[in-house]
Structures are given as structure tokens and as C-alpha cells.
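One structure is given here, and the rest of the page talks about it.
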Amino acid sequence: MRQDLPTLAQAKATAREWRQERAQQGEAHSHSAALEHIAQQLGFRDWNACVATLTQADARQFAPGERVSGRYLSQPFTARILRATPAPGHPGWLRLELHLDVAVDVVTSTRFSNLRRRVTGVIGPQGFSQEKTSDGQPHLVIDAKRPQPDP
């Protein structure tokens, strides 16, 4: 039905560009009007329907069983995706449940450790979580380039 849909972030960027182009031509459009225009160009009845579909499509980019790499609490990891679902109330954000290949220590103390192999986090369209550690690093970062699936 709908082939080659953009990501939610790409659709929003296209709406911003369209609005800027129209402003240069002397036409004033609200941000919501630009979003509605792009939704209709993509074949949706309105922006809400567009967001619902694109959010589901974003979640499908992270398929269960797929392998990913990144950082959890600033520690590098490789992992297998157990589950990827849209984050409720946050269009374009995804809740990922990961099984890490090697456990990471979630404690920075030298006195004790707390190793985890299964982690859950919510990432935004740029691939990192909103939550940050005390040094300002995102809790979870998924690299844009993912390792190939296991054979």
C-alpha cells in the first residue's frame, strides 16, 4: 500500500522545510498546518494517522532477534533485541528490551558490582535515551550502524 515511508523525524523535518519554503514565498503557515500538509502528501487523512503509522514503522526497524550495538551507562555492548515497541505518549520514541551478550556493571563503585544482561530503555529518533547519568551521558545509546544478525 504505502511504500518507502519516511521516519517520523524525516516527516517532521520535511514539514519544517516546506513551511520555510512557503515563508520565503510570502505565505505564512502554522507548524500544525505544515504537518497536516505533509501527512496528506504521504497519503494519510491527517497528522495523527501519519504519526500512528510512522511510529509503528519506526518500531519495526528494530526487529526481535536483530543484533545491535551501543552503550549502556557509558559501557559498550552488543545485544539481541527481545522486544521493540512504540513508547506510549511519545511519538517517534521506542521502548527496547535488550539481552546483552556480556553483562555490564551498572555500579561505578569499586566496593561492589551489579551486573546486568537484560536492560530496557526508551530511545528517541536520534537513537539515545532522554535519561542521563550524573556526567550527562545518555543511559542508553544505540549505534546507527548495527551488527549483522546471527546466522
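The values are calculated or read from the model by the stated rules, or taken from the named source; none is laboratory data. These figures come from a predicted structure and were not determined experimentally. Methodologically, a virtual Cβ is constructed for each residue, glycine included, from the backbone with ideal geometry; neighbour enumeration extends over all protein chains shown.
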Exercise. From the residues in the stretch 43-62 that are of a type in the set (A, V, I, L, M) and closer than 24 Å to residue 131 by Cβ, which one is modelled with the highest pLDDT?
Worked result: 51
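Does residue 14 satisfy the condition of being surrounded by 13 or more Cβ atoms within 10 Å (Cβ to Cβ) and modelled with pLDDT under 90?
Values: surrounded by 13 or more Cβ atoms within 10 Å (Cβ to Cβ): yes; modelled with pLDDT under 90: no.
No.
Looking at the stretch 98-126, which of the residues that are assigned to a loop (DSSP other than H, G, I, E, B) and touching a strand residue (DSSP E or B) at 6+ places or on another chain (Cβ under 7 Å) is farthest from residue 53 (Cα to Cα)?
Taking the stretch 98-126 as the starting set, the residues that turn out to be assigned to a loop (DSSP other than H, G, I, E, B) are 106-114, 124-126.
Cutting the leftovers down to touching a strand residue (DSSP E or B) at 6+ places or on another chain (Cβ under 7 Å) gives us 106, 113-114.
On the way: 106: 35, 113: 42, 114: 39 Å.
The qualifying residue farthest from residue 53 (Cα to Cα) is 113.
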Exercise. Does residue 94 fit the bill of being within 30 Å of residue 11 (Cα to Cα), surrounded by 19 or more Cβ atoms within 10 Å (Cβ to Cβ) and hydrophobic (A, V, I, L, M, F, W, C)?
Worked result: yes
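Within the stretch 137-146, take every residue that is modelled with pLDDT of 90 or more and not in a strand (DSSP E or B) and give me the one that is surrounded by the fewest Cβ atoms within 10 Å (Cβ to Cβ). Working first, answer last.
Residues of the stretch 137-146 modelled with pLDDT of 90 or more: 137-142.
Retained after the next criterion (residues that are not in a strand (DSSP E or B)): 137, 139.
Working: 137: 13, 139: 19.
Ranking the candidates gives 137 first.
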Exercise. Of the residues that make up the stretch 35-53, is at least one among the small types (Gly, Ala, Ser), in contact (Cβ under 8 Å) with a residue 60 or more places away in the chain and within 14 Å of residue 91 (Cα to Cα)?
Worked result: no
